[in-house]
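Worksheet for the structure shown next.
The values are calculated or read from the model by the stated rules, or taken from the named source; none is laboratory data. All of these numbers come straight from a predicted model, not from anything done at the bench. Here the Cβ positions follow ideal geometry from the backbone for every residue, glycine too, while neighbour counts run over all protein chains shown. The accessibility values were calculated without ligands, DNA or RNA, using every heavy atom of the protein model including side chains. Shrake-Rupley method; radii C 1.70, N 1.55, O 1.52, S 1.80 Å.
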Amino acid sequence: VQLQASGGGLVQPGGSLRLSCAASGSVSSINAMGWYRQAPGKQRVLVASITRGGNTNYVDSVKGRFTISGDNAKNTLYLQMNSLKPEDTAVYYCNAESFSVPYRVYWGQGTQVTVSS
C-alpha cells in the first residue's frame, strides 16, 4: 500500500484546510486509516481515525473542528480542518492499517500545516 498526502499549507487562525491522502496498491487489505500529526520537538500523535465500517475517533483537542472521511471510489482519505488554531501547527501524516496476519502499518509522507497570522 502506498499513501500520498497533500493539502497542507499556511492558514490564518480560524481558517480551514482539507488534507487528502490517496491510497494505491493493495487497498482492499486496509481495515482502518488515520491522520497523525507531529509538532516540532514532540511525538507523533493520533488526530483522527476511521474504520472501513465508518466508525470514527478523534482526539479531544480537535473534536467539533476536524472531520475525517473517506471516499472508497477514489481510495482517498480526507481530513477537513476548520477553526484552525496555532497549536494545530504540525506535520500531518496519513496512516493505514491492515489487521490481517501479519499486521501491517503503512505511512504516507507528511504534509506541513502552519496556522499563523
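The figure for R18 is an accessible area of roughly 130 square angstrom, using a 1.4 Å probe on the protein chains alone. In sequence order, region 11-20 has phi-based couplings of 9, 6, x, x, x, 10, 8, 10, 8, 10 Hz under the Karplus curve 6.51 cos²θ - 1.76 cosθ + 1.60, θ = phi - 60°, and Gly or Pro positions carry x.
Over its Cα atoms, what ratio of radius of gyration to 2.2 N^0.38 Å does region 34-117 give?
1.12
Ignoring lysines fewer than eight residues from K85 along the same chain, the ones with Cα atoms less than 25 angstrom from its Cα are K42, K63. Around the Cα centre of the chain, unit charges on the Cβ atoms of Lys, Arg, Asp and Glu (plus for the first two, minus for the last two) sum to a dipole of about 20 debye.
Using a probe of 1.4 Å on the protein chains alone, the accessible area found for K85 is around 80 Å².
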